[in-house]
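Peer 1: Structure below; questions to follow.
The values are calculated or read from the model by the stated rules, or taken from the named source; none is laboratory data. Computed from a prediction, not measured in an experiment: that's the story for all the values here. Note: ideal-geometry Cβ built from the backbone for every residue, glycine included; neighbour counts use all protein chains shown.
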Amino acid sequence: MILVDEAVQRLNSAGRTYGVTMRPWSRRSKHRRQVLEIEESIAPLRLPMELRSFWNSWNPASLEWPCLDGFIALRHLLERRDMEHPVAPAILLPIADWASSRIWVELASATHPGGRVFRGNVDDSHVDLWSFGISGLVELLALGFERDLIDEREGGLHRSHLEALATSRVREHVSATSPRRIEAVDRSRFPAHWLSAEGLAPNHFDIRGATHTIEEFKSAREVNSNMRATLQGFYENTVCGGPIRGCIGTFHDDSGEMQVFVPLLSGLAGAIGQDGEVELDVLSFTPNGTGFEELSARRDLQVAASMGVDDLGNDLILRLTEQLKDLDTSIVVTGLRPIR
């Protein structure tokens, strides 16, 4: 696309003094295979047209520090995407790093053309709109060099000055009421097309009503240790990560409290790490470790098995459960909905 090529030429002209130039591909066949692998991985989402045009003409890895920390090489992009923690929204694809922050491009979906570029600190729960399209991002970088926005102590583009410039440029193109900051961890606050990209229905976070209090749930477990329930109360993380991917936290209401295990994907479909009032769907097992054997073996619990257990064999599941020592993972959260 003309806009992309013009933006790259402007960047090369402005950045040459600082040793910044973006180079075209020397071997087009190899990088085209990499682009196809990326497209297969993100399906049914799609690469925005301008991003595909950019990758087909220019080698993103040729743009290195002092222009940001450099763009992510195509051969490493999928690996970097899988390493995101907390896991980024499915609709965001990482394309560059900058100090302790990351830059993503919004993928295209059935209901949205994508293409917007966002920036966020790796430990923040939100991302900020930085530009419209890859050409907009490249022009922003070019403008930074043209205005000599260089950090004299660190070298490279000055972080706060470039962020202020990005914010100013975005404000020129969006209304005062349009969101420039989007929640990127709590799925219940996602825009509609981001939710759709996660495979979540529009009513996914509708509150359904409690079937038990904690006291009633505990009493019912004494009669039947394997049961389902919906509870309302307050959740607080106790332990994150560990041999089984997920969080273990304390859940309480007016009647009592208990420990619950939130598998990674179950939490991602809600608001993993969010402390506060929530509604939980739970599966209860016997608290001696056999619950995970049943979790992997029983057909009607295969959905839960894919959430954090990842179809592991029974022997490995028991060994991992033993590593959790005194932490009770017998009450597994399969749904998490913030109450607001």
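Peer 1: All but one of (1) in a strand (DSSP E or B); (2) modelled with pLDDT under 90 hold for Leu162; state the number of the condition that does not hold.
Peer 2: (1)
Peer 1: Across the stretch 146-157, what is the number of residues that are closer than 15 Å to Asp69 by Cα, surrounded by 14 or more Cβ atoms within 10 Å (Cβ to Cβ) and touching a residue at least 12 places away in the same chain (Cβ under 8 Å)?
Peer 2: 3
Peer 1: Okay, next question. Out of the stretch 1-23, which residues are of a type outside the set (A, V, I, L, M) and surrounded by 12 or more Cβ atoms within 10 Å (Cβ to Cβ)?
Peer 2: Asp5, Glu6, Gln9, Arg10, Asn12, Ser13, Gly15, Tyr18, Thr21, Arg23
Peer 1: Can you tell me which residue within the stretch 206-226, out of those that are of a type in the set (S, T, N, Q) and out of contact with any helix residue (DSSP H, G or I) (no Cβ under 9 Å at 6 or more places or on another chain), is farthest from Ser284 (Cα to Cα)?
Peer 2: Here the answer is Thr213.
Peer 1: Can you go through Glu139, Glu79 and tell me which one is of a type in the set (Asp, Glu), buried (at least 18 other Cβ atoms within 10 Å of the Cβ) and either over 17 Å from Ala197 (Cβ atoms) or in the same structural domain as Cys247 (by TED's automatic domain parsing) (or both)?
Peer 2: Every option except Glu139 fails the conditions.
Peer 1: So, one more: For the stretch 90-129, enumerate the residues that are part of a loop (DSSP other than H, G, I, E, B) and among the charged types (D, E, K, R).
Peer 2: Asp123, Asp124
Peer 1: So, His112, is that one closer than 17 Å to His173 by Cβ and either surrounded by fewer than 21 Cβ atoms within 10 Å (Cβ to Cβ) or touching a helix residue (DSSP H, G or I) at 6+ places or on another chain (Cβ under 6 Å) (or both) or not?
Peer 2: It is true that His112 is closer than 17 Å to His173 by Cβ and either surrounded by fewer than 21 Cβ atoms within 10 Å (Cβ to Cβ) or touching a helix residue (DSSP H, G or I) at 6+ places or on another chain (Cβ under 6 Å) (or both).
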